[in-house]
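Below is one structure; the comments refer to it alone.
The values are calculated or read from the model by the stated rules, or taken from the named source; none is laboratory data. For clarity, every value in this text was computed on a predicted model and none was experimentally measured. So basically every Cβ, Gly included, is an ideal-geometry build from the backbone, and we count neighbours across all protein chains shown. These accessible areas exclude ligands, DNA and RNA; they are computed on the full protein's heavy atoms, side chains included. Shrake-Rupley method; radii C 1.70, N 1.55, O 1.52, S 1.80 Å.
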Amino acid sequence: MATRKKVLLKVIILGDSGVGKTSLMNQYVNKKFSNQYKATIGADFLTKEVIVDDRIVTMQIWDTAGQERFQSLGVAFYRGADCCVLVFDVTAPNTFKSLDSWRDEFLIQASPREPENFPFVLLGNKVDLEPRAISSKRAQQWCQSKNGIPYFETSAKEALNVEQAFQSIARNALTQQNQTVDLYNEFPDQIKLTNTTNRNSNGDSCAC
Amino acid sequence: MMTSQVEDPIPRALASTPSSSTSGCLSGDDTSEDRLLPSSLAAEELQLALNKEAGEEELQKAISRCKELVLECDQCTPERKWLVRHLIELRLRLQECKEALEDPEHPRNKSSGVSNRTVRGHHLVLQPLLRSTSSRYCDHCTGAIWSVVQAWYQCDDCGYSCHHKCLSSILRECAHVTASERGGYELDICPELGLSSQKYMCAECKTNIPIDSTWSEARKCDYTGLYYCSACHWGSSAVIPARIIHNWDFGPQPVCQASLQLLRITATRPLINIEKLNPRLFTLVHELNLVRRLRNELNGMRKYLLVCRNANEDHLLWKSVDIPHLIDTPGLYSLQDLLDTFSAELPSKLHNIAHIFSQHIKVLCEVCKGRGHICEVCSNEEVLFPFDANAVTCTSCNAVFHKSCFSRKKNCPKCQRLQQRKEQEVLVNKNDDDE
């Protein structure tokens, strides 16, 4: 029954400034890349329709500002997110170090039902650049320590792995959404405390 | 049919024959005032370039002469100020002249004769004859301007009007220049010193004002607190800024022509900072307090609309706000704003704008809605905005909470978290170094 409904997946991209969040999104949605850096102000989103497991879903991808000075605008859009994408720059070790704080901050603001199982995806961007500061192994170790987050190495510039990464993001987001739906369905026999049922019993089957 | 005007009994600073003695004596009289033109500028040759449609060569010459004069005079003197002003004027003329040479359609080529003149900061434009039959009076000689037959000029900036023949003897400085020079209003209510301090002369034209005379009375200007002759003070009245600021008094008071022109052109400029001048007014005047609250709210909303692409596409800010300073600089009020507050027009106008804005931010726009905050303390699903009345913003991390929630907490939870993270980072770095 839920399959027939139009599905909207809300995806949030987080990471330090300049790691390529906007570029990744632009590459994925518009198939475009620009070398020019322009800081994102606040947050904005693009939408894209994708097919996941024979279902058409609309992805609402929220691109955020990594810079501290733009954080004064709120992050209410974290609420109701279906997947969070963490991005770091493989050539900049500091962007890797701050992943923890991005994750924590997201979990606090979004306050999902099960923080431990909330789907994150880690992207190590700019793999086209040399020299590398964060090895693939180190990133994978971090992912393991966080309950097995999927990890992708991407290049927004070369469009490397971007499609695959977002395909996985969409799938993870969809499972998350289905799970929350299931959660509500765990109580199929709802106890209705309405007057109508009461009146029936009052009228006919009175014990006295 | 030239009307015979009352001949001016006193010599003017810009008399057509500028003997060095007249101009020297006048400026010597008022060394403390910067109202008078410096003697060096009064020289015919300098004025010439602005009074005639001078050629490029003439203007170049005048510019270099003016530059020399600027270098000769002392720094920070009123004389230098006037010379620099003049220099800018000359350069603008030169630019105009060059443009006219290249473009045959230029208005300068079309009009015959002298159309623009610059005197004492006024940008006087020749008015077409037969334009209107409404009565108009010369700001200089107070005689009627018969626009059907008399050539007359009007200042583009301040509205000063005068006959062609009065051009060379204009005394009043352009209100536009006075306003930008002074920067703000006279803030004392009618700062009166008395006729004796003016040596029984009109504050503007220096005509003697005898006290015992029946035909020439001294007229007081409520704005400047000075006395004027009947030629400079026509008995017009205006609302006085200082009276509003201190007494919330909107009663029109008699003012001289110069003050009238000044108040008229500055009426819509945001020049009054009530927070600084008389903050108690907000507690005493309910409407003003309401206006302040609404303006601050709108200023908060403006920040959202400025960075919202949807609002930019719709030109929401441009469309809804006709007076930008109302929401750009919420602390400053123009004279007109205060008048509108008094008449209760402004609060309802601001209410309407606030409604349009909040409708966009909180209901219509997905992006703006997403940029709201969620109170961390109560974790309520309600989306909060910094401009909401029940919201409070942390001054150091900009996180937004419910006022009631925040007051229960001693410290901002986000700031605490940031602090903890920082400490942890230092520890980790230390361990890294040890290894």
- Task: Might you check whether a residue that is over 20 Å from residue B:424 (Cβ atoms), surrounded by fewer than 17 Cβ atoms within 10 Å (Cβ to Cβ) and touching a Ser or Thr at 6+ places or on another chain (Cβ under 9 Å) occurs anywhere in segment A:141-149?
- Result: no
- Message: Here is a check on your reading of the model: is residue A:80 within 13 Å of the chain's Cα centre (by Cα), in contact (Cβ under 8 Å) with a residue 12 or more places away in the chain and on the phi > 0 side of the Ramachandran plot?
- Response: yes
- Task: Spot the failing condition for residue B:224; the list is (1) free of Cβ contacts under 8 Å to residues at least 40 places away in the same chain; (2) farther than 13 Å from residue B:255 by Cβ; (3) open to solvent by 30 Å² or more (accessible area, probe 1.4 Å), and only one is missed.
- Result: (2)
- If residue A:61 satisfies every condition in (1) at pLDDT 90 or above; (2) more than 11 Å from every other protein chain (Cβ to nearest Cβ); (3) farther than 18 Å from residue B:368 by Cβ but one, which is the exception? (3)
- Query: Are there any pairs with C-beta distances below 7 angstrom linking a residue in segment B:376-401 that is touching a residue at least 60 places away in the same chain (Cβ under 8 Å) to a residue that is of a type in the set (Asp, Glu), with the two at least 6 apart or on different chains, and if so which?
  - Reply: B:387/B:297
- What are the residue pairs meeting all of these: first residue in segment B:67-84, first residue assigned to a loop (DSSP other than H, G, I, E, B), second residue polar (S, T, N, Q), Cβ atoms under 8 Å, and 6 or more apart or on different chains? B:73/B:40
- Query: (1) open to solvent by 20 Å² or more (accessible area, probe 1.4 Å); (2) within 30 Å of residue B:202 (Cβ to Cβ): which one isn't true of residue B:255, the others all being true?
  - Reply: (1)
- Any residue in segment A:80-92 that is in contact with a strand residue (DSSP E or B) (Cβ under 8 Å, 6 or more places away or on another chain), within 14 Å of chain B (Cβ to nearest Cβ), surrounded by fewer than 18 Cβ atoms within 10 Å (Cβ to Cβ) and farther than 19 Å from residue A:24 by Cα? yes
- When segment B:198-219 is checked residue by residue, the ones that are outside any loop (DSSP other than H, G, I, E, B) and open to solvent by less than 70 Å² (accessible area, probe 1.4 Å) are B:198, B:201, B:219
- Message: Looking at segment B:354-364, can you tell me whether even one residue there is at the interface with chain A (Cβ under 9 Å from one of its Cβ atoms), touching a residue at least 24 places away in the same chain (Cβ under 8 Å) and not basic (Lys, Arg)?
- Response: no
- Item | Answer residue from segment B:139-187, given it is open to solvent by less than 30 Å² (accessible area, probe 1.4 Å) and of a type in the set (Phe, Trp, Tyr) and is farthest from residue B:242 (Cα to Cα) among those | B:152
- Item | segment A:93-116 residues that are within 12 Å of chain B (Cβ to nearest Cβ) and under 17 Å from residue A:76 (Cα atoms), paired with ones that are open to solvent by 30 Å² or more (accessible area, probe 1.4 Å) and of a type in the set (A, V, I, L, M, F, W, C) (beta carbon under 6 Å, 6 or more apart) | A:109/A:75
- Message: Conditions first: (1) assigned to a helix (DSSP H, G or I); (2) buried (at least 22 other Cβ atoms within 10 Å of the Cβ). Residue A:100 passes all but one, so which condition is the exception?
- Response: (2)
- Taking segment B:402-414 on its own, how many of its residues are in contact (Cβ under 8 Å) with a residue 24 or more places away in the chain and more than 9 Å from chain A (Cβ to nearest Cβ)? 5
- Query: So how many residues does segment A:150-164 have that are small (Gly, Ala, Ser) and either in contact (Cβ under 8 Å) with a residue 60 or more places away in the chain or open to solvent by 40 Å² or more (accessible area, probe 1.4 Å) (or both)?
  - Reply: 2
- Take the residues of segment B:376-393 that are at the interface with chain A (Cβ under 10 Å from one of its Cβ atoms) and of a type outside the set (A, V, I, L, M): which is nearest to residue A:79 (Cα to Cα)? B:381
